[in-house]
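Structure first, commentary second.
The values are calculated or read from the model by the stated rules, or taken from the named source; none is laboratory data. A quick note: this is a predicted structure, and the numbers were derived from the prediction, not measured. Reconstructed Cβ throughout: ideal geometry from the backbone, glycine too, with neighbour counts over all protein chains shown. Accessible surface areas use protein heavy atoms only, side chains included; no ligands, DNA or RNA. Shrake-Rupley method; radii C 1.70, N 1.55, O 1.52, S 1.80 Å.
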Amino acid sequence: MNNFQYSRATDIADAIRLLTADPGAKLIAGGTNLIDLMKENVERPSRLIDISRLPLRDIEETAGGGLRIGALVPNSDLAYHPLVEQRYPLLAAAILAGASAQLRNMASVGGNLMQRTRCAYFYDTATPCNKREPGSGCSAIDGLNRNHAILGTSASCIATNPSDMSVALVALGALVHIAGPSGQRAIALIDFHRLPEDKPHVDTNLGTGEIIAAVELPKHGFARNYSYLKIRDRLSYAFALVSVAAALELDGNAISEARLALGGVAHKPWRSLEAEAALRGRAATPDHFSRAADLLLQGATSRAHNRFKIELARRAIVRTLIQAAGATPQSQAHKKIA
Amino acid sequence: MNAYVGTPTSRIDGRAKVTGAAKYAGEFSADGLLYGFVVEATIPRGRIARIDAGDALQVKGVVDVLTHAHRPPLADNDDAWKDEVAPEKGSPFRPLYDDRIRFNGQPIALVVADDWETAKFAATRVRVEYDREAFATDLESEHGKAGKLDRPHKPRGDAAAALAGAAVRHQADYVLPTEHHNPMELYATTVVRDGSGRLTVHDKTQGVQNVHKFLCSVFNKKPDDLRVVSPYVGGAFGSGLRPQYQVVLAVLAALELKRSVRVVLTRQQMYGLGYRPMTIERVALGARPDGTLDAVTHEATAVTSRYEDFSRNDTGWAEQLYKSPNSLFSHKLVDLDLSTPCDMRAPGAASGVCALECAMDELAVALKLDPIELRLKCYSDRDQSEDLPYTSKQLRECYARGAEAFGWTRRNPAPRSMRDGKELVGWGMATGVWEALQMPVAVRIVLTSNGHAEVSCAASDIGTGTYTIVAQVAADALGLPIENIDVKLADSTLPQAPVEGGSWMAASSAHAVLGAAEDIRLELARLAKAVPASPLGGVDAPDVILVDGTIAKAGDKARAVSIADAMRHGKLERIEKQKLNHFAEDKSHARNTHSAVFAEVKVDEELGVIRVTRVVSAVAAGRILNTKTGRSQIMGGVVWGIGMALHEETVMDHRFGRIMNANIAEYHIPVNADVHDIDVIFVDEPDDRINRLGVKGLGEIGIVGVPAAIANAVYHATGKRIRRFPITLDKLLD
Ligand SMILES: Cc1cc2nc3c(=O)[nH]c(=O)nc-3n(C[C@H](O)[C@H](O)[C@H](O)COP(=O)(O)OP(=O)(O)OC[C@H]3O[C@@H](n4cnc5c(N)ncnc54)[C@H](O)[C@@H]3O)c2cc1C
Ligand code: SF4
């Protein structure tokens, strides 16, 4: 752990000012990811800007019937918020599939979106890693890559984004509200995280001095036909090998609207409009689900240890869509896959 | 009198533990305490070319940086570094001794500062340059370089010929990965230095006297110069049998700086300590058509370090379990650039019996026999290695009781034949076996005239419940309520005890208590008879019992003198007796504990997700001293067995010789969601030969057999035989 300065931001403008003034500074919210990385000397911020007391803890309905969620809302509060439970149960399920109760109590929405990969080499400063040390090489490509990406990889990095919450948010079409030195802006969450390309050290499109202020959900919550299924190496408290967020709008057995996103398979939550389009207007049958799975996994490639993920993802997509179509979503409390 | 022995008595230290009153090694404090943080090597092999602590020493609050080039003297011969658990062959690791790097994560410097955070920060400022050397850390690629070890099990008959001629044969390699203990408590030592320079060493260890002797020889100290205490241990599972390096570093710093010092390892650094060695277990079984065995061979090839030969009894368990006229066992070691492995719950057996019991299941399939029937056909009433009968062996009863509780007769033997919705259901079973050892232990009892007793012994309680069983046995033997018994453990100045391990402490300490209590009884009988008009006049000492705080005639409790009266008349405030336990030398019988483990798994057919929905473990381990802590021991073993079957694996990148999951987020052990019904059955096993109480010990037996029962259930569910542990879902999808 390095030594660092500590400032407590008085308001958002102050946080932005502090961030802009010190290029080595980092925001800290719940600290559940940042502090771990600091202990491993992976993150060595010159200054921590504590934003945890900023007034970004509200969950409010928007004029358009959606929901605006402050960046500092704890993950648990969000998952158990009545409006989220009733209108966006897919989001609640994804959050509850992640981490542990203690971590979810500390973790913030903004921090969750910004959490870094769990690639073991990224965490180990004694090994090369382009994400941690640009240009040093990627140890995973020819190393231990069982947990690594099968989609959107590059020759410099095959890491995955570990967030569960983001997968549901991407499926639901969430927006990210950003405040920065030049004012406010909003971008679709699907465009927030980046693919590694030749700059794997840049995880997101958040600019210098910018801070996540809120996440906004559109009106449509898919509260009836949804499911979040997370497949992992133990039945709780492990990162996803593959996770699937599925949401359907059904008219009888016909699909009028579909959302499908994958976690654990790429550098960002993975969504394919083509796969969703292929479901629209079709009957909710396993065949059509299979077809959508193939489209969503188009271009998937594997390395020495993660070949299983492609087939696992395919089957998990079909299963999740069956759960969603049957209005029998995966429970995050049962010790069992439905 | 058995008011407590054999009952589900709650832990006497439970309240202290859950309220935080129980203090662990890293929680003791002292005036002016300094904090040490370890700097580790980041290469597996080579030399330290340069180590520069200049920048670290500049950090405000840093007091010193100890390295091999800057430290007080350490013993320079292997004998001084050999603790009581050290492998016979080898040269034990000496922290900060010289410039050699022997394994990744080796401590190479200790930064000492006024507070922990400063030490930790300054540790990142220590610059190290290495002369790197070629290294190897992969057992499988180095398999060919294995060297043979002599094992105690002699070959019998001609196993090779019998195998070649067997009607039905099964041979396979089972691969068990390296595993780390991950006890909840971090390794820690707080050395408190008093004004005269005496050191009290609060250490996380399974044996304070082992550490005490080790420190005296390593630092050339007299026994009175230091004292080692460890009243509470937050789990160790074998990792604390040998003194760990942090105790050496903490004492080193305390001596150099003449201050009190605390060194706590991080979770990550604990992966630089010992581990269960990766092992390739090759088992071959040859059977006659009727299912009786004609040949058993078991060859284990395991990891060790380049500087010590660590090995345990992986092979040879078939000698105790299964009758076969021909057998051959061997154990090989591959020297790698790793730290020395160490004992981990049921060392040897957890891995070796896993392989043997998977192989037996495969043989049962080949023979079209029920797995229990096969085991009964091969059941051995004698330990064939020495051709000895057992002091007791109720394994048959374990099979029967376990099978009944589990509902085994409802099993359809065909793989993939049972299902529950989307899940394939598999039922598997396996046998467990461990040794029933007993070691010299001494106990001191001080009885005061108010009817309270203090029972003390250097033994550790590593969470297993030693405090409680010692109190139970003492309460019964002294005829006192358990609330009147005060137990003191884990102080090197207390009466002798070996390390707590091998499942020997329950029997050993219980009989030391009985011995000391017997001397107290004789003394009290003498005093009681001397009381004027004693109701015990004319009663012989053997007929005097201690009951309800009195000294009474056996069979006639009305003829009694209270302890208080007897001691008052004898003008005694306290009676103190110390006794070393004594077990009659008896080489005529084998001593073992056994179990039959039954597991139900449900495997999602499409996704490969495995759940262990039921485990029944039927254990025969002599008299169970405490059915509550005993049951907990077995449950803990079962949970660990679930981990061994499905989750646990220390993953190493052999290009770097580094462990890549050195933390408990990525090193998976079962969580609550992975644990379902666990049913523990203690089978009656009277044993009046093994020792007076008929106690055998329960620490290890709980895990043995569990991984195999689960692996066998996975086969039954899916038709897939996974021989490389842990059984993760990718292996089922392949
Ligand atoms: C053992 C363990 C298991 C876990 N398992 C899972 C899991 O299964 N699934 C899962 O999804 N997650 C899991 N997590 C990760 C957890 O969800 C994240 O650590 C958490 O969401 C981060 O939130 P935080 O508020 O603590 O972030 P912090 O640690 O405070 O910050 C993380 C990063 O976000 C930045 N940041 C924080 N807030 C903002 C903001 N408003 N604007 C811009 N940048 C910001 C910080 O600068 C920092 O870089 C696990 C974590 C641990 C430790
Ligand atoms: S996959 Fe990415 S994070 Fe992992 S080693 Fe390669 S570059 Fe680093």
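Before moving on, here are some points about what is shown:
- Selection count, the stretch B:174-207, where residues are in the same structural domain as B:VAL85 (by TED's automatic domain parsing) and over 17 Å from the mean Cα position of the chain (by Cα): 16
- Selection count where residues are open to solvent by less than 50 Å² (accessible area, probe 1.4 Å) and not in a loop (DSSP other than H, G, I, E, B), scope the stretch B:437-453: 7
- Count - residues of the stretch A:41-62 that are out of contact with any Ser or Thr (no Cβ under 7 Å at 6 or more places or on another chain), open to solvent by 30 Å² or more (accessible area, probe 1.4 Å) and either aliphatic (A, V, I, L, M) or within 16 Å of ligand 2 (Cβ to nearest atom) (or both): 1
- For the stretch B:396-429, the set of residues classified as among the charged types (D, E, K, R), open to solvent by 70 Å² or more (accessible area, probe 1.4 Å) and not in a loop (DSSP other than H, G, I, E, B) consists of B:ARG396, B:GLU397, B:ARG401, B:GLU404, B:ARG410, B:ARG419, listed by residue number.
- Options B:GLY90, B:GLY144, B:GLY165, B:GLY157: the member that is outside the structural domain of B:GLU308 (by TED's automatic domain parsing), farther than 30 Å from B:SER29 by Cα and free of Cβ contacts under 8 Å to residues at least 24 places away in the same chain: B:GLY144
- Among the residues of the stretch A:139-160, those identified as open to solvent by less than 10 Å² (accessible area, probe 1.4 Å) and more than 10 Å from ligand 2 (Cβ to nearest atom) are A:ILE150, A:LEU151.
- The listed residue being in contact with a Phe, Trp or Tyr (Cβ under 7 Å, 6 or more places away or on another chain), under 24 Å from B:ASP734 (Cα atoms) and either within 14 Å of chain A (Cβ to nearest Cβ) or open to solvent by less than 20 Å² (accessible area, probe 1.4 Å) (or both), out of B:ALA599, B:ALA645: B:ALA645
- In the stretch A:70-87, the residues that are within 16 Å of the chain's Cα centre (by Cα) and within 16 Å of A:GLY98 (Cβ to Cβ): A:VAL73, A:PRO74, A:ASN75, A:SER76, A:LEU78, A:ALA79
- The number of residues in the stretch A:110-135 that are in a helix (DSSP H, G or I), more than 24 Å from A:GLU210 (Cβ to Cβ) and within 14 Å of ligand 1 (Cβ to nearest atom) comes to 2.
- Where A:ALA126 falls short, out of the listed (1) touching a residue at least 12 places away in the same chain (Cβ under 8 Å); (2) within 13 Å of chain B (Cβ to nearest Cβ): (1)
- All conditions but one from (1) surrounded by fewer than 21 Cβ atoms within 10 Å (Cβ to Cβ); (2) without any contact (Cβ under 8 Å) to a residue 60 or more places away in the chain; (3) more than 25 Å from A:LEU248 (Cα to Cα); (4) away from chain B (no Cβ under 14 Å) apply to A:HIS81; the one that does not is (3).
- Which listed residue is more than 14 Å from chain B (Cβ to nearest Cβ) and open to solvent by 10 Å² or more (accessible area, probe 1.4 Å), from A:ALA277, A:ALA266, A:ALA245: A:ALA277
- Residues in the stretch B:691-734 that are surrounded by 23 or more Cβ atoms within 10 Å (Cβ to Cβ), of a type in the set (A, V, I, L, M, F, W, C) and away from chain A (no Cβ under 14 Å): B:VAL695, B:LEU698, B:ILE701, B:ILE703, B:VAL704, B:VAL706, B:ALA708, B:ALA709, B:ALA711, B:ALA713, B:VAL714, B:ALA717.
- Single residue of the stretch A:161-196 satisfying the filter (open to solvent by less than 20 Å² (accessible area, probe 1.4 Å) and in a loop (DSSP other than H, G, I, E, B)) that is farthest from ligand 2 (Cβ to nearest atom): A:ALA174
- Within the stretch B:677-686, restricting attention to residues that are buried (at least 17 other Cβ atoms within 10 Å of the Cβ) and either farther than 17 Å from B:ILE710 by Cα or not β-branched (Val, Ile, Thr) (or both), the residue that is nearest to the other protein chains (Cβ to nearest Cβ) is B:ASP679.
- Pairs are defined by a Cβ separation below 9 Å, a sequence spacing of at least 6 or placement on different chains, a first member in the stretch A:42-60 that is more than 19 Å from A:ASP14 (Cβ to Cβ), and a second member that is near ligand 1 (Cβ under 8 Å from one of its atoms) and charged (D, E, K, R); the pairs so defined are A:VAL42/A:ASP36; A:VAL42/A:ARG116; A:GLU43/A:LYS26; A:GLU43/A:ASP36; A:GLU43/A:ARG116.
- A:ALA99 being surrounded by 23 or more Cβ atoms within 10 Å (Cβ to Cβ), outside any loop (DSSP other than H, G, I, E, B) and within 11 Å of ligand 1 (Cβ to nearest atom): no
- Hits in the stretch B:106-124 - residues which are within 12 Å of chain A (Cβ to nearest Cβ) and open to solvent by 10 Å² or more (accessible area, probe 1.4 Å): B:TRP116, B:GLU117, B:THR118, B:LYS120, B:PHE121, B:ALA123, B:THR124
- Within the stretch B:607-622, being open to solvent by 10 Å² or more (accessible area, probe 1.4 Å), touching a Leu at 6+ places or on another chain (Cβ under 9 Å) and either more than 12 Å from chain A (Cβ to nearest Cβ) or not aliphatic (A, V, I, L, M) (or both) holds for one residue alone: B:ARG611.
- Scanning the stretch B:362-380 for residues that are touching a strand residue (DSSP E or B) at 6+ places or on another chain (Cβ under 7 Å) and within 23 Å of B:PHE725 (Cα to Cα), we see that the one that is surrounded by the most Cβ atoms within 10 Å (Cβ to Cβ) is B:PRO371.
- Among the residues making up the stretch B:44-86, those that are surrounded by fewer than 18 Cβ atoms within 10 Å (Cβ to Cβ) and of a type in the set (Gly, Ala, Ser) are B:ALA49, B:GLY54, B:GLY61, B:ALA69, B:ALA75, B:ALA80.
- Restricted to the stretch B:1-82, the set of helices (runs of 4 or more DSSP H) holding at least 1 residues that are within 30 Å of A:PRO128 (Cβ to Cβ) and more than 25 Å from the chain's Cα centre (by Cα) comprises B:54-58.
- Among residues of the stretch B:648-661 that are more than 9 Å from every other protein chain (Cβ to nearest Cβ) and within 12 Å of B:PHE135 (Cβ to Cβ), those with a Cβ under 8 angstrom from a residue that is β-branched (Val, Ile, Thr) and assigned to a loop (DSSP other than H, G, I, E, B), sequence gap 6+ or separate chain, pair up as B:HIS654/B:THR137; B:GLY657/B:ILE43; B:GLY657/B:THR137.
- So B:VAL638, is it closer than 18 Å to B:SER503 by Cβ, part of a helix (DSSP H, G or I), more than 14 Å from chain A (Cβ to nearest Cβ) and open to solvent by less than 20 Å² (accessible area, probe 1.4 Å): yes
- Residues within the stretch A:202-260 that are more than 16 Å from ligand 1 (Cβ to nearest atom) and among the charged types (D, E, K, R), tallied: 6
- Odd one out for A:HIS177 among (1) within 16 Å of ligand 1 (Cβ to nearest atom); (2) touching a Leu at 6+ places or on another chain (Cβ under 7 Å): (2)
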